[in-house]
1. Please work out which residue is farthest from the chain's Cα centre (by Cα), limiting yourself to the stretch 28-84 and to residues that are over 19 Å from I7 (Cα atoms) and of a type in the set (D, E).
2. What's the number of the condition D91 fails, among (1) of a type in the set (D, E); (2) modelled with pLDDT under 95; (3) under 18 Å from the mean Cα position of the chain (by Cα)?
3. Only one residue in I88, I78, I48 is in the same structural domain as Y8 (by TED's automatic domain parsing) and of a type outside the set (K, R), so which one is that?
4. Please verify whether the stretch 66-76 includes one or more residues that are assigned to a helix (DSSP H, G or I), in contact with a Cys (Cβ under 9 Å, 6 or more places away or on another chain) and touching a residue at least 12 places away in the same chain (Cβ under 8 Å).
5. Give the residues of the stretch 1-30 that are modelled with pLDDT under 95 and not in a loop (DSSP other than H, G, I, E, B), sorted by residue number.
6. I want to confirm something. Restricting to the stretch 44-56 and keeping residues that are in contact (Cβ under 8 Å) with a residue 24 or more places away in the chain and in a helix (DSSP H, G or I), which single residue is surrounded by the fewest Cβ atoms within 10 Å (Cβ to Cβ)?
Amino acid sequence: MKLRRDIYQAISDPTRRAILVLLTSQAMTAGAIAENFDTARPTISKHIQILNECELVEATQQGREIYYELKIEKMKEIDKWLEQFRKIWEDRFNQLDNLLLKLKNNKNEK
């Protein structure tokens with residue numbers, strides 16, 4: 001039985017995150033991606049396979065080469081999930097800003 005991979009498992013690995021960053025600027029072959037890492041090419045190919053299985057990248061054959069490109073819609077899914085945490089942190093930073101401003105005003109009044 002094959003385990004289903006999810007996008008969060010895929011982005012948990014720093015090499016896979018680095019591959020996604022590389023693909024933000026252009027579609028690349030596995031060989032071109034591998035040139036950016038001090039890792040064996042089969043290892044990079046496995047990372048690309050995982051990203052492909054999770055639908056974070058899309059493979060397109062052009063002649064004899066396979067080009068991988070970032071699937072923006074799937075990345076938006078990650079961003080949407082992170083948004084809930086972003087809101088919490090923004091609220092906490094605003095509370096901290098308000099507290100610091102209040103402390104500063106109290107100090108200036110004395």
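1. Looking at the filtered set, the residue picked out is E65.
2. So D91 meets the others, but not (3).
3. Working: I88 fails: in the same structural domain as Y8 (by TED's automatic domain parsing); I78 fails: in the same structural domain as Y8 (by TED's automatic domain parsing).
That would be I48, the only listed residue that is in the same structural domain as Y8 (by TED's automatic domain parsing) and of a type outside the set (K, R).
4. Within the stretch 66-76 (the criterion being assigned to a helix (DSSP H, G or I), in contact with a Cys (Cβ under 9 Å, 6 or more places away or on another chain) and touching a residue at least 12 places away in the same chain (Cβ under 8 Å)), the answer is yes, since at least one residue qualifies.
5. Once the filter is applied, which keeps residues that are modelled with pLDDT under 95 and not in a loop (DSSP other than H, G, I, E, B), the stretch 1-30 yields I7, Y8, Q9, A10, I11.
6. Applying the first criterion (in contact (Cβ under 8 Å) with a residue 24 or more places away in the chain) to the stretch 44-56 yields 44, 47-48, 50-51, 53-56.
This time we only want the ones that are in a helix (DSSP H, G or I), so: 44, 47-48, 50-51, 53.
Numbers: I44: 20, H47: 24, I48: 23, I50: 18, L51: 27, E53: 14.
Restricting to residues being in contact (Cβ under 8 Å) with a residue 24 or more places away in the chain and in a helix (DSSP H, G or I), the top hit is E53.
The values are calculated or read from the model by the stated rules, or taken from the named source; none is laboratory data. Here the structure is a predicted model, which means the values were calculated and not measured. Please note: Cβ atoms are built from the backbone with ideal geometry, for glycine as well, and neighbour counts cover all protein chains shown.
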